[in-house]
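Taking it in order: structure first as C-alpha coordinates, then the write-up.
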Amino acid sequence: MFLNKRVAPAELIHYQALEIRKELNKDEQTKIFNLEKGFAGEKLYDKIFSEIGHENVYVLRDVYLKIGKVLTQYDSIIVTNDGVSVNEIKNLSGDYKYRGNKWYKNGKHMESNPYIQLSRAESKLIKLGNDTSLNFQVEGKVIFMNDDFRFSPEDENIENQTIMINYLRNYFRGFKTERLNENAKKIALLIRNKVAENSYFVEHADINKLKRGLYCGSCKQFDLTKGKFQFSCNSCDSVESYETHIVRAISDHKYLFSNQPITKQSLLHLIDYQVHTTTVSKFLRKYCNKDNKGKASIHIFKFYDSVTALSEIRKRQRYKDKVH
(Lines give C-alpha, C1' and ligand atoms only; values in the text may rest on other atoms or scores of the structure.)
Protein backbone atom coordinates (compact mmCIF):
# COMPACT_ATOMS: atom_id res chain seq x y z
CA MET A 1 0.00 0.00 0.00
CA PHE A 2 1.12 3.52 -0.72
CA LEU A 3 2.06 5.25 2.54
CA ASN A 4 2.25 8.75 1.11
CA LYS A 5 1.20 10.83 -1.89
CA ARG A 6 3.62 11.58 -4.69
CA VAL A 7 3.72 15.32 -5.23
CA ALA A 8 5.51 17.41 -7.83
CA PRO A 9 9.15 18.08 -6.87
CA ALA A 10 9.85 21.51 -5.37
CA GLU A 11 12.22 22.37 -8.21
CA LEU A 12 9.54 21.58 -10.82
CA ILE A 13 6.99 23.78 -9.03
CA HIS A 14 9.57 26.58 -8.98
CA TYR A 15 10.13 26.45 -12.73
CA GLN A 16 6.42 26.14 -13.48
CA ALA A 17 5.73 29.28 -11.43
CA LEU A 18 8.72 30.99 -13.05
CA GLU A 19 7.53 30.14 -16.57
CA ILE A 20 4.25 31.96 -15.97
CA ARG A 21 5.98 35.19 -14.90
CA LYS A 22 8.94 35.37 -17.30
CA GLU A 23 10.29 33.97 -20.54
CA LEU A 24 12.58 31.09 -19.66
CA ASN A 25 16.09 31.03 -21.05
CA LYS A 26 17.43 27.95 -22.83
CA ASP A 27 18.88 26.35 -19.67
CA GLU A 28 15.62 26.92 -17.79
CA GLN A 29 13.61 25.44 -20.65
CA THR A 30 15.79 22.33 -20.62
CA LYS A 31 15.46 22.10 -16.84
CA ILE A 32 11.66 22.27 -16.78
CA PHE A 33 11.40 19.83 -19.70
CA ASN A 34 13.53 17.24 -17.89
CA LEU A 35 11.72 17.76 -14.58
CA GLU A 36 8.28 17.40 -16.16
CA LYS A 37 9.41 14.32 -18.08
CA GLY A 38 10.84 12.75 -14.93
CA PHE A 39 7.68 13.44 -12.93
CA ALA A 40 5.53 11.98 -15.72
CA GLY A 41 7.61 8.79 -15.54
CA GLU A 42 7.09 8.55 -11.78
CA LYS A 43 3.32 9.00 -12.15
CA LEU A 44 3.23 6.28 -14.82
CA TYR A 45 5.18 4.00 -12.44
CA ASP A 46 2.53 4.62 -9.74
CA LYS A 47 -0.30 4.00 -12.21
CA ILE A 48 1.10 0.63 -13.31
CA PHE A 49 1.82 -0.38 -9.70
CA SER A 50 -1.78 0.47 -8.77
CA GLU A 51 -3.11 -1.59 -11.69
CA ILE A 52 -1.15 -4.65 -10.52
CA GLY A 53 -1.86 -3.98 -6.84
CA HIS A 54 0.39 -3.03 -3.92
CA GLU A 55 -1.72 -4.17 -0.97
CA ASN A 56 0.90 -6.75 0.07
CA VAL A 57 3.76 -4.27 0.52
CA TYR A 58 4.43 -0.82 1.99
CA VAL A 59 5.53 1.81 -0.52
CA LEU A 60 7.11 5.20 0.22
CA ARG A 61 7.37 7.54 -2.76
CA ASP A 62 9.58 10.53 -3.49
CA VAL A 63 10.99 11.01 -0.01
CA TYR A 64 14.20 12.42 1.42
CA LEU A 65 15.75 10.38 4.22
CA LYS A 66 18.22 11.82 6.75
CA ILE A 67 20.46 8.87 7.67
CA GLY A 68 23.47 9.90 9.66
CA LYS A 69 24.39 13.37 8.43
CA VAL A 70 23.48 12.67 4.80
CA LEU A 71 20.21 13.55 3.06
CA THR A 72 19.28 11.12 0.25
CA GLN A 73 16.36 11.26 -2.18
CA TYR A 74 14.37 8.11 -3.04
CA ASP A 75 11.92 7.77 -5.93
CA SER A 76 10.30 4.65 -4.46
CA ILE A 77 10.99 2.34 -1.51
CA ILE A 78 9.13 -0.97 -1.37
CA VAL A 79 9.05 -2.64 2.05
CA THR A 80 8.37 -6.36 2.51
CA ASN A 81 8.73 -8.70 5.50
CA ASP A 82 12.30 -9.54 4.61
CA GLY A 83 13.67 -6.26 3.39
CA VAL A 84 13.60 -3.22 1.19
CA SER A 85 13.64 -2.70 -2.59
CA VAL A 86 14.87 0.68 -3.78
CA ASN A 87 13.55 1.80 -7.18
CA GLU A 88 15.38 4.57 -9.05
CA ILE A 89 12.86 5.72 -11.69
CA LYS A 90 14.09 7.18 -14.99
CA ASN A 91 12.06 8.42 -17.96
CA LEU A 92 14.90 8.55 -20.48
CA SER A 93 14.74 8.12 -24.24
CA GLY A 94 17.45 7.32 -26.77
CA ASP A 95 20.39 4.93 -26.98
CA TYR A 96 22.40 4.24 -23.82
CA LYS A 97 25.32 2.00 -22.92
CA TYR A 98 27.09 1.01 -19.72
CA ARG A 99 30.81 0.32 -19.93
CA GLY A 100 33.31 -0.03 -17.09
CA ASN A 101 31.09 1.67 -14.50
CA LYS A 102 30.46 4.54 -16.91
CA TRP A 103 27.18 5.67 -18.41
CA TYR A 104 26.97 6.74 -22.07
CA LYS A 105 24.35 8.26 -24.34
CA ASN A 106 25.06 8.15 -28.08
CA GLY A 107 28.71 7.52 -27.27
CA LYS A 108 28.96 10.52 -24.94
CA HIS A 109 30.06 9.93 -21.33
CA MET A 110 27.19 11.23 -19.15
CA GLU A 111 27.68 13.02 -15.85
CA SER A 112 24.67 11.57 -14.04
CA ASN A 113 24.86 7.79 -13.53
CA PRO A 114 21.61 6.18 -12.27
CA TYR A 115 23.41 3.04 -11.09
CA ILE A 116 25.76 5.04 -8.90
CA GLN A 117 22.72 6.92 -7.55
CA LEU A 118 21.07 3.59 -6.81
CA SER A 119 24.17 2.24 -5.05
CA ARG A 120 24.39 5.31 -2.82
CA ALA A 121 20.71 5.08 -1.94
CA GLU A 122 21.05 1.38 -1.10
CA SER A 123 24.13 1.96 1.07
CA LYS A 124 22.28 4.47 3.28
CA LEU A 125 19.47 2.01 3.94
CA ILE A 126 22.01 -0.73 4.65
CA LYS A 127 23.59 1.62 7.22
CA LEU A 128 20.15 2.29 8.72
CA GLY A 129 19.55 -1.43 9.14
CA ASN A 130 23.00 -2.05 10.60
CA ASP A 131 22.54 0.75 13.13
CA THR A 132 19.37 -0.82 14.52
CA SER A 133 18.26 -4.17 15.85
CA LEU A 134 16.19 -4.77 12.71
CA ASN A 135 17.81 -7.13 10.26
CA PHE A 136 16.66 -6.59 6.68
CA GLN A 137 18.06 -7.03 3.21
CA VAL A 138 18.38 -4.14 0.74
CA GLU A 139 18.29 -4.53 -3.03
CA GLY A 140 17.66 -2.08 -5.82
CA LYS A 141 16.49 -1.66 -9.39
CA VAL A 142 16.73 1.12 -11.94
CA ILE A 143 13.33 1.37 -13.63
CA PHE A 144 13.25 2.78 -17.17
CA MET A 145 9.76 4.08 -17.94
CA ASN A 146 10.11 5.13 -21.59
CA ASP A 147 9.41 2.65 -24.40
CA ASP A 148 11.75 4.72 -26.59
CA PHE A 149 14.69 3.84 -24.31
CA ARG A 150 17.30 1.43 -25.68
CA PHE A 151 20.02 0.03 -23.45
CA SER A 152 23.13 -2.10 -23.83
CA PRO A 153 24.67 -2.82 -20.40
CA GLU A 154 27.28 -5.50 -21.29
CA ASP A 155 27.49 -6.20 -17.55
CA GLU A 156 25.51 -8.97 -15.89
CA ASN A 157 25.25 -7.18 -12.55
CA ILE A 158 23.93 -4.03 -14.22
CA GLU A 159 21.52 -6.08 -16.30
CA ASN A 160 20.17 -7.71 -13.13
CA GLN A 161 19.57 -4.26 -11.63
CA THR A 162 17.63 -3.05 -14.68
CA ILE A 163 13.87 -3.15 -15.25
CA MET A 164 12.52 -1.99 -18.61
CA ILE A 165 8.93 -0.77 -18.87
CA ASN A 166 7.82 -3.86 -20.81
CA TYR A 167 8.84 -6.03 -17.82
CA LEU A 168 7.60 -3.69 -15.08
CA ARG A 169 4.26 -5.42 -14.61
CA ASN A 170 5.99 -8.77 -14.08
CA TYR A 171 8.32 -7.12 -11.58
CA PHE A 172 5.36 -5.77 -9.60
CA ARG A 173 3.59 -9.13 -9.75
CA GLY A 174 6.57 -10.58 -7.90
CA PHE A 175 5.34 -8.75 -4.78
CA LYS A 176 1.85 -10.29 -4.95
CA THR A 177 2.94 -13.33 -2.93
CA GLU A 178 4.08 -11.16 -0.01
CA ARG A 179 2.08 -11.11 3.22
CA LEU A 180 2.77 -8.18 5.53
CA ASN A 181 3.69 -8.99 9.12
CA GLU A 182 5.00 -7.11 12.16
CA ASN A 183 8.57 -7.04 10.84
CA ALA A 184 7.49 -5.17 7.70
CA LYS A 185 5.63 -2.62 9.86
CA LYS A 186 8.74 -2.05 11.96
CA ILE A 187 10.93 -1.57 8.87
CA ALA A 188 8.42 0.87 7.34
CA LEU A 189 8.16 2.82 10.60
CA LEU A 190 11.94 2.97 10.92
CA ILE A 191 12.23 4.44 7.43
CA ARG A 192 9.32 6.87 7.87
CA ASN A 193 10.96 8.24 11.00
CA LYS A 194 13.96 9.25 8.87
CA VAL A 195 11.91 11.29 6.36
CA ALA A 196 13.17 14.89 6.23
CA GLU A 197 12.59 18.12 4.31
CA ASN A 198 14.43 18.68 1.05
CA SER A 199 17.16 21.10 2.12
CA TYR A 200 18.73 21.02 -1.36
CA PHE A 201 15.98 23.24 -2.80
CA VAL A 202 17.47 26.76 -2.83
CA GLU A 203 16.02 28.33 -6.00
CA HIS A 204 15.44 32.09 -5.84
CA ALA A 205 14.01 34.24 -8.61
CA ASP A 206 14.73 37.92 -9.19
CA ILE A 207 11.47 39.76 -8.48
CA ASN A 208 12.59 42.61 -10.76
CA LYS A 209 12.57 40.23 -13.75
CA LEU A 210 9.12 38.77 -13.03
CA LYS A 211 5.68 39.87 -14.19
CA ARG A 212 3.82 40.82 -11.03
CA GLY A 213 0.09 40.44 -10.49
CA LEU A 214 -2.56 37.71 -10.51
CA TYR A 215 -3.17 35.29 -13.37
CA CYS A 216 -5.85 32.83 -14.49
CA GLY A 217 -5.37 29.33 -13.09
CA SER A 218 -6.58 27.82 -16.37
CA CYS A 219 -4.92 29.71 -19.24
CA LYS A 220 -2.22 31.47 -17.08
CA GLN A 221 -3.01 34.87 -18.62
CA PHE A 222 -2.80 38.04 -16.52
CA ASP A 223 -5.84 39.55 -18.29
CA LEU A 224 -8.33 39.62 -15.40
CA THR A 225 -11.36 41.73 -14.51
CA LYS A 226 -11.92 42.29 -10.79
CA GLY A 227 -15.38 41.71 -9.33
CA LYS A 228 -16.67 42.05 -5.78
CA PHE A 229 -15.50 38.61 -4.65
CA GLN A 230 -13.98 37.04 -7.78
CA PHE A 231 -11.76 37.69 -10.80
CA SER A 232 -12.95 36.86 -14.32
CA CYS A 233 -10.49 35.92 -17.03
CA ASN A 234 -10.96 37.89 -20.25
CA SER A 235 -9.07 35.25 -22.23
CA CYS A 236 -10.91 32.02 -21.34
CA ASP A 237 -13.91 33.19 -19.24
CA SER A 238 -12.79 31.28 -16.13
CA VAL A 239 -13.94 32.75 -12.81
CA GLU A 240 -11.92 32.32 -9.61
CA SER A 241 -12.38 33.73 -6.12
CA TYR A 242 -10.00 36.10 -4.36
CA GLU A 243 -9.27 33.18 -2.04
CA THR A 244 -8.12 30.93 -4.88
CA HIS A 245 -5.87 33.63 -6.30
CA ILE A 246 -4.27 34.46 -2.95
CA VAL A 247 -3.59 30.80 -2.14
CA ARG A 248 -1.96 30.34 -5.56
CA ALA A 249 0.14 33.47 -4.96
CA ILE A 250 1.27 32.22 -1.54
CA SER A 251 2.38 28.95 -3.12
CA ASP A 252 4.16 30.81 -5.93
CA HIS A 253 5.96 32.97 -3.39
CA LYS A 254 7.06 29.88 -1.46
CA TYR A 255 8.64 28.25 -4.51
CA LEU A 256 9.87 31.31 -6.40
CA PHE A 257 11.80 32.68 -3.41
CA SER A 258 12.96 29.72 -1.34
CA ASN A 259 15.26 31.83 0.87
CA GLN A 260 12.86 34.74 1.37
CA PRO A 261 10.17 34.50 4.06
CA ILE A 262 6.58 35.30 3.14
CA THR A 263 5.42 38.60 4.59
CA LYS A 264 2.24 40.51 3.85
CA GLN A 265 4.21 43.20 2.03
CA SER A 266 6.25 40.78 -0.08
CA LEU A 267 3.05 38.96 -1.12
CA LEU A 268 1.27 42.23 -1.91
CA HIS A 269 4.26 43.26 -4.02
CA LEU A 270 4.19 39.95 -5.94
CA ILE A 271 0.47 40.31 -6.76
CA ASP A 272 0.96 44.01 -7.59
CA TYR A 273 -1.55 45.07 -4.90
CA GLN A 274 -4.49 43.76 -6.93
CA VAL A 275 -6.29 42.62 -3.75
CA HIS A 276 -6.81 44.85 -0.71
CA THR A 277 -4.37 44.43 2.16
CA THR A 278 -7.11 43.40 4.63
CA THR A 279 -8.22 40.58 2.33
CA VAL A 280 -4.65 39.38 1.91
CA SER A 281 -4.20 39.46 5.71
CA LYS A 282 -7.35 37.37 6.18
CA PHE A 283 -6.15 34.60 3.87
CA LEU A 284 -2.60 34.68 5.24
CA ARG A 285 -4.08 34.00 8.69
CA LYS A 286 -6.24 31.21 7.28
CA TYR A 287 -3.63 29.38 5.20
CA CYS A 288 -0.35 30.11 6.95
CA ASN A 289 1.22 29.69 10.34
CA LYS A 290 2.50 32.96 11.73
CA ASP A 291 5.94 33.61 13.19
CA ASN A 292 6.25 36.97 14.94
CA LYS A 293 10.03 37.00 15.22
CA GLY A 294 11.63 40.21 13.98
CA LYS A 295 9.98 43.43 12.82
CA ALA A 296 7.66 41.90 10.21
CA SER A 297 5.44 38.89 10.75
CA ILE A 298 6.59 35.87 8.76
CA HIS A 299 4.00 33.48 7.29
CA ILE A 300 4.63 29.78 6.64
CA PHE A 301 2.28 28.09 4.15
CA LYS A 302 0.40 25.22 5.80
CA PHE A 303 0.19 23.23 2.57
CA TYR A 304 2.79 21.68 0.31
CA ASP A 305 1.60 23.67 -2.72
CA SER A 306 -1.46 25.32 -4.24
CA VAL A 307 -2.67 22.04 -5.77
CA THR A 308 -3.06 20.36 -2.37
CA ALA A 309 -4.50 23.53 -0.82
CA LEU A 310 -7.04 24.21 -3.57
CA SER A 311 -8.25 20.59 -3.59
CA GLU A 312 -9.46 21.21 -0.02
CA ILE A 313 -10.66 24.77 -0.56
CA ARG A 314 -12.99 23.90 -3.43
CA LYS A 315 -14.89 21.37 -1.31
CA ARG A 316 -16.26 24.12 0.94
CA GLN A 317 -15.81 27.28 -1.11
CA ARG A 318 -18.47 29.96 -0.72
CA TYR A 319 -17.70 31.67 -4.02
CA LYS A 320 -17.28 28.79 -6.42
CA ASP A 321 -14.59 28.76 -9.08
CA LYS A 322 -15.70 28.16 -12.66
CA VAL A 323 -12.57 27.05 -14.48
CA HIS A 324 -12.65 26.36 -18.24
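The values are calculated or read from the model by the stated rules, or taken from the named source; none is laboratory data. Quantities reported herein were computed from a predicted structural model and do not represent experimental measurements. Backbone-built Cβ (ideal geometry, glycine too); neighbour counts: all protein chains shown. The protein model used for the area step is the full one, side chains on, heavy atoms only, and it has no ligands, DNA or RNA in it. Shrake-Rupley method; radii C 1.70, N 1.55, O 1.52, S 1.80 Å.
Laid out as a table, the results:
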item: Environment charge of ASP223, counting only residues whose C-beta is closer than 15 Å and scoring Lys/Arg +1, Asp/Glu -1; result: +2
item: P(r) histogram, all alpha-carbon pairs of the range 90-156 included - 10 Å bins from 0, percent; result: 19, 42, 24, 13, 2
item: Inter-probe distance in nm under a simple model that places probes 7 Å from Cα toward Cβ, at LYS209 and SER133; result: 5.5 nm
item: For the range 1-85, size of Cβ-based charge dipole, Lys and Arg +1, Asp and Glu -1, in debye; result: 260 debye
item: Considering only the chain, percent of DSSP beta bridges that pair antiparallel, nearest 5; result: 70 percent
item: The chain - accessible surface per residue (Å², probe 1.4 Å); result: 54 Å²
item: Fully extended contour minus Cα-Cα distance, from ILE300 to MET164, at 0.36 nm per residue; result: 44.8 nm
item: Charge-dipole axis of the chain as Lys and Arg at +1 and Asp and Glu at -1 on Cβ define it, positive-most pick from SER119, ASN234, PRO153; result: ASN234
item: Charge tally in the Cβ shell below 15 Å around TYR15, where Lys, Arg are +1 and Asp, Glu are -1, TYR15 excluded; result: -2
item: Rel. contact order, % - alpha carbon contacts under 8 angstrom, at least six apart, the chain; result: 16 percent
item: Student exercise, the range 204-243 dipole from Lys, Arg, Asp, Glu Cβ charges, in Debye to nearest 20; result: 160 debye
item: Unit charges on C-beta of K, R, D, E only; dipole of the range 39-126, Debye; result: 540 debye
item: Ellipticity estimate at 222 nm from DSSP helix runs (n ≥ 4, -39,500 (n - 2.57)) divided over the chain, nearest 500; result: -11500 deg cm²/dmol
item: Ordering of 51-58, 220-227 by packing [mean C-beta count within 10 Å, highest first]; result: 51-58, 220-227
item: When each of LYS37/LYS194; LYS43/LYS102; LYS209/LYS264; LYS5/LYS220; LYS37/LYS69 is checked by Cα-Cα distance, pairs over 24 Å; result: LYS37/LYS194; LYS43/LYS102; LYS5/LYS220; LYS37/LYS69
item: Full-stretch length increase - THR308, ASP148 - with 0.36 nm per residue and alpha-carbon distance subtracted; result: 54.4 nm
item: Percent accessible area from carbon and sulfur atoms, the chain, protein chains only, probe 1.4 Å; result: 47 percent
item: Positive-end residue, the range 212-324 charge dipole about Cα centroid, Cβ charges, pick of THR278, CYS216, THR308; result: THR278
